[in-house]
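Here the structure is laid out as C-alpha cells; the discussion comes afterwards.
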Amino acid sequence: MTRLRTREELQAFREELVRAEEKRARVRVCCGTGCRAAGAEEVVAAFSREIACRGLPVEVTTSGCQGWCEQGPLVAVEDVPLLYLRVSPFDVPAIVDLTLGRGQPMARLLYQGEAGPVPWRDEIPFYKKQGRVILRNCGRIDPTDIRDYIRAGGYAALARALEMTPEEVIAEIKRSGLRGRGGAGFPTGRKWELCRAQRRTPKYVICNGDEGDPGAFMDRSVLEGDPHAVIEGMIIAAYAVGDVREGFIYVRAEYPLAVKHLTLALAQAEELGLLGENILGSGLDFSIEIKRGAGAFVCGESTALMNSIEGLRGMPRESPFRSVERGLWGMPTVLNNVKTFASVPLIIERGADWFTRIGTPGSPGTQVFALTGKVKNTGLVEVPMGITIRELVYDIGGGVPGGRCKAVQIGGPSGGCIPEWLFDTPIDFDSLQGIGAMMGSGGLVVMDEKDCMVAIARFFLAFTQAESCGKCPPCRIGTYQMLTIMDRIVDCRGEPGDIERLEKLGRWVKETSLCGLGRTAPNPVLTTIRYFRDEYEAHIHDKRCPAGVCRSPGQFRIADEECVRCGLCQDVCPDGAVLAGRRGFSIDAEACTGCGRCAAACPVAAVVREEKVVV
Amino acid sequence: MNLREWEQRLSPILARYAGKKGVVVPLLQDVQGEFGYLPAEAMQVIATELRLPLARLYGVASFYSQFYFQPRGKHVVRVCTGTACHIRGAPAILARLEEELGIRAGETTPDLAFTLETVNCLGCCALAPVVVVDDRVLRKRDHKKLWGWIREERR
C-alpha cells in the first residue's frame, strides 16, 4: 500500500478497491471474543480446508462481533444471504456442499422463528428492532484489513472534515447533540470547543477504552470489530481541537484481542498516511499510541486514567480545573469514550440533522447495550435512545427463559436496579437518572425471580469497595462500612435499623466522594432499597431470603420416598453432613452449611429445601 | 543472578523506553512479560534507571492488580466473577476450583503448577460462567474437561 497524500488520492484508492472487489461468494465467520470461545477459529479453519479441497470460488473472512453471542459461532453467507447459528466444524462440509455448492439453505442451522426458519438478520426479532450506528461495521467488515473499512466508506468523513474548518466541525458535532457515551453524557461538541479555546499547547486527545464494568463488553466489541472507526473519530477530534500531535487509546488489560486489532489498525493507517505527518495534505500531524491498562477499575475515571498514562498510581486527581483545561501532563485534553469517537465519523459524513432524527431530543443517537444475565438472547445490541427497557428485554432479548423477569441492573456497579414495573421507562441519559439509575457505559443484566436483589447489591458493593483506590475517606471507609452491613444482612444477621443506616451512609458517600467511582458506588444499594425494600426486610426481620439464594435460611431435607439411594449427595457434601443410615440418607442439620451442592447433585430432586426461621 | 546480570538482561527493555515520558506502566508490563512476575532485583534496576525512588516504583506497581511480585504458576486459571457470570453460577465454580487445587483465589500452588485468580469481567458474558485457562476461554459446556485436565497436569 502506498501513502495517500491528498483527499483525492483517498477517493481514487477507494474507487479502485470497490472496482477490484471480486464478485465472489463470501462467508463471514464472527471471530469476536464470544464466538472465538465457542470455537469460531476451528470453523474458519474447516471452511478454508473444505473450500480449498473443492476449489470453490468462495472467500472466507473473519469479522468482529456480529452481536448475537448467545448463538455463536455465527456464520454469514453474504450473497444469499443466510445467517447460520451455532455452527460447529462438523457442519462445515454440509454447508459447503449444500449452500455454497448448490445454493440451498440448511434450515437446521437457521434461526427458528414462529413461522419456520428465518434466513437473514432483518427478519430475526433480535436484529429487527436494532439500529446500527456505532456498530455499523462491526461484524460486516474484516477488522484486520484497512481496505475493507475504506471500501465500506471509511475515512470519507475524515476527508470531509478536513475540507471544513475546525470551527465548522465542532459546530456540526454540537448541532448533532452527541453526548459522551461513557456514562455521564457530557455534550461532546462543547467539550471540544472548551478545549479548542485553551491557549496552552500541546493538547492531547485520549480515547477511554478502559471498560471495567463487569457485564459490559460494548467498547471491546467496537475496538475488536471496527478499530478504524475509533481512530477516524480521534483524528477528526484532533483536527477540530487543534494543536494536537499525540493521542492515546487506553485499553483494558483483559482485552488482548482488542489490543491486537488496534495495533494492526494503527500500523495500517500509518502506512496509508492517515496517521503521521501532514495527513492527506492538510498539514495535520497526529499519531496515536496504545496504552494498556494494568488492572484497576478506577482508571476508567478520566483523571485516574491520565495519571495512569503518566506512569503514576491510577488515582483520581482533585483539581479545580477540568481535563479540557489541565489534563494529561497538565495540558488541555479531550477524553472521550470509544463509542463517542466511533459515532463522530457518521455525524460528519451524514450530517447533524440525520443524527438528531435518531433517538430522543435530549439524547440523540443510539446506545449500545451488552444484554446479559437471565435472558434468552445474550449479546451486543444497539438501539435508538428512547426505547423502553421492556422492548429491550422482551422483544430483542427474547425474555427470560423459564421464568419471570424481576429486574434489570443497568449501568454496572455505578448504575441501579430497575424493577419490572418501571420497564416502560424510555432509556435515555435523563430518564434513567430520574429513577435513580444511570446510563453508565451500557451494561444491562437481566435478573429473574431466583436472583436475590440484596445479594446482587452486595455483589456490586463488594466490587466497588475492592476497587476503591483509597484516596478519599468517604469512598474508602464508607463503602467498607456499607459492605459490613450488607454482609450481615445477606447472612440473615441483619439488625433493625440497618436499612436506615445504609441509606444514610449511602447518601454521605455519594455526596462527599472525590470521583465518580465513589459518587456512584452506593447506587446499587440505594436503588434496591428503594424498589425492593421488602426483600431487605425479609432478610432482616424474618431471617429468610425470598429468592432462596442467601445461605443460612432454610434447611435441606432428603425426601425419602423420592430418594433412589444413589449416594451422590453424600459424595458432594464438603462438610460430611449427609449421613448414610440403614434405611437411606439424611442430613445432619448441625453440620450442614446450606451450600446446596447436594440438591444440585441429586438426579431425582429428592433433596428439598424447607424454609426454616432462624431465631 | 546479581544486580549486574539483571542490568544486562533488562537493558534491551529499558533501551526501548529511553527518553520517553510516562513509561513506568508499559515498562513494568514488558518486564513482567519477560519474567512472568516482577523480581525484586529487577525493580531495583528499573528504579535506578528511571531515577525514581524504589518506594515510588513499588507504589505504582502495587496499585495495579496485574503486577505480581511472586513467581506465578505454570498454568493460570482465572475465574470470571463479573455480574453475568456471578448470577449464572461463578461462585460455585470458584469454590470447587479452590477445593480441587487446594489454594484460595490469588494464590499459587507450592509446586508452581497452578495459579488461581478471579477476574472482574472478560466481556464474553454470553458464555457465562466463564473460566480462562492460560488465555483460553472455556464456556460452561467445556468446564467438565477442566477437572480431568487439572488431574492430568498434576501427575
Query - Cα-based convex hull volume of region A:142-214 per residue, rounded to whole Å³ - result: 157 Å³
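Sequence gap at least 6, Cα distance under 8 Å: using those rules, report the relative contact order of region B:3-63 to the nearest whole percent. Can you show the working numbers first?
Values: 33 pairs, mean separation 21.4, N = 61.
So the answer I get is 35 percent.
Sorted by mean Cβ packing within 10 Å, highest first, what order do the peptides A:299-309, A:525-535, A:90-100 take? Don't jump to the answer; show the numbers that get you there.
Values: A:299-309: 26.5, A:525-535: 20.5, A:90-100: 17.5.
Peptide ranking by packing, descending: A:299-309, A:525-535, A:90-100.
Regarding region A:396-493, what whole-number volume in Å³ per residue does the convex hull of its Cα atoms give? Don't jump to the answer; show the numbers that get you there.
Values: hull volume 11.8 nm³, N = 98.
Cα-based convex hull of region A:396-493, divided per residue, equals 120 Å³.
Between A:Arg530 and A:Asp430, what FRET efficiency comes out of the Förster formula 1/(1 + (r/R0)^6) with R0 = 22 Å and r the beta carbon distance, rounded to 0.05? Intermediate results must be reported in sequence, preceding the final value.
Values: r = 18 Å, r/R0 = 0.83.
For R0 = 22 Å, the calculated efficiency reads 0.75.
Contour minus end-to-end for A:Leu422 and A:Arg476, with contour as 0.36 nm per residue of separation and end-to-end as the Cα-Cα distance?
Working: separation 54, 0.36 × 54 = 19.44 nm, distance 3.24 nm.
Stretched out fully, the A:Leu422 to A:Arg476 stretch lengthens by 16.2 nm.
Take every residue in peptide B:55-64, count the Cβ atoms of other chains within 10 Å of its Cβ, and give the average of those counts.
Working: counts 0, 3, 1, 0, 2, 7, 2, 1, 13, 9.
Average per residue, whole number: 4.
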Query - Kirkwood Rh in Å, taken over region B:3-63 so that all alpha-carbon pairs contribute - result: 11.5 Å
Query raised in the report: What percent do you get for the relative contact order of chain A when only Cα pairs under 8 Å and 6+ apart count?
Result: 12 percent
**Report entry** Considering only the protein assembly as shown, percent of DSSP beta bridges that pair antiparallel, nearest 5
**Finding:** 55 percent
Report summary line: P(r) of region B:39-155 over all Cα-Cα pairs, 10 Å bins starting at 0, rounded to whole percent, reads 13, 38, 27, 16, 6, 0
Query raised in the report: So, in nm, how far is label A:Ser319 from label A:Glu503 when the simple model puts each one 7 Å beyond its Cα toward the Cβ?
Result: 3.9 nm
Requested in this report: Pop the C-beta distance of B:Ala113 and A:Val564 into the FRET formula with R0 = 25 Å and round what comes out to the nearest 0.05.
Outcome: 0.05
Report summary line: Per residue of A:285-294, other chain Cβ atoms within 10 Å number on average 3
Report summary line: In degrees rounded to 10, the 0-90 angle between helix A:166-176 Cα long axis and the longest Cα principal axis of chain A is 40 degrees
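Once you've got the Cα coordinates, tell me which of A:Lys203/A:Lys291; A:Lys23/A:Lys129; A:Lys374/B:Lys145; A:Lys339/A:Lys406; A:Lys471/B:Lys20 are over 23 Å apart.
Working: A:Lys203/A:Lys291 17 Å; A:Lys23/A:Lys129 30 Å; A:Lys374/B:Lys145 25 Å; A:Lys339/A:Lys406 29 Å; A:Lys471/B:Lys20 28 Å.
Long pairs (Cα-Cα over 23 Å): A:Lys23/A:Lys129; A:Lys374/B:Lys145; A:Lys339/A:Lys406; A:Lys471/B:Lys20.
If you count, for every residue in A:252-262, the Cβ atoms of partner chains within 10 Å of its Cβ, what is the mean?
Details: counts 4, 5, 10, 2, 1, 1, 1, 0, 0, 0, 0.
Mean partner shielding for this stretch: 2.
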Report task. Taking Cβ-Cβ under 4.7 Å as the only way to count a partner, pick out the unpartnered cysteines of chain B. Result -> B:Cys121, B:Cys124, B:Cys125
Report task. Any chance you could tell me what percent of the C-alpha pair distances in the protein assembly as shown go past 44 Å? Result -> 27 percent
Report task. Report P(r) for region A:440-515: all Cα-Cα distances, bin width 10 Å, range 0 to the bin holding the largest distance, values in whole percent. Result -> 18, 46, 32, 4
Requested in this report: Just the number, please: percent antiparallel of the DSSP beta bridges in region B:75-154, rounded to the nearest 5.
Outcome: 55 percent
Query raised in the report: In chain B, what % of DSSP beta bridges are antiparallel (nearest 5)?
Result: 55 percent
Query raised in the report: How much net charge surrounds A:Ala37 when only other residues with a Cβ under 12 Å from its Cβ are counted (Lys, Arg +1; Asp, Glu -1)?
Result: +1
Query raised in the report: Based on the mean of other beta carbon atoms within 10 Å per residue, what is the order of A:102-109, A:143-150, most packed first?
Result: A:143-150, A:102-109
Report summary line: Debye calc, one equal point scatterer per Cα of region A:1-148, no solvent, log10 I(q)/I(0) at q = 0.09, 0.12, 0.14, 0.18 1/Å comes to -0.31, -0.54, -0.71, -1.09
Report task. Set the Förster radius R0 to 30 Å, insert the Cβ-Cβ distance between A:Glu289 and B:Leu3 as r into 1/(1 + (r/R0)^6), and round the FRET efficiency to 0.05. Result -> 0.45
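Every read-out reported here was derived from the displayed coordinates using simple, explicitly stated rules and does not represent laboratory data. Everything numeric in this text was worked out from a predicted model, so none of it was measured. So basically every Cβ, Gly included, is an ideal-geometry build from the backbone, and we count neighbours across all protein chains shown.
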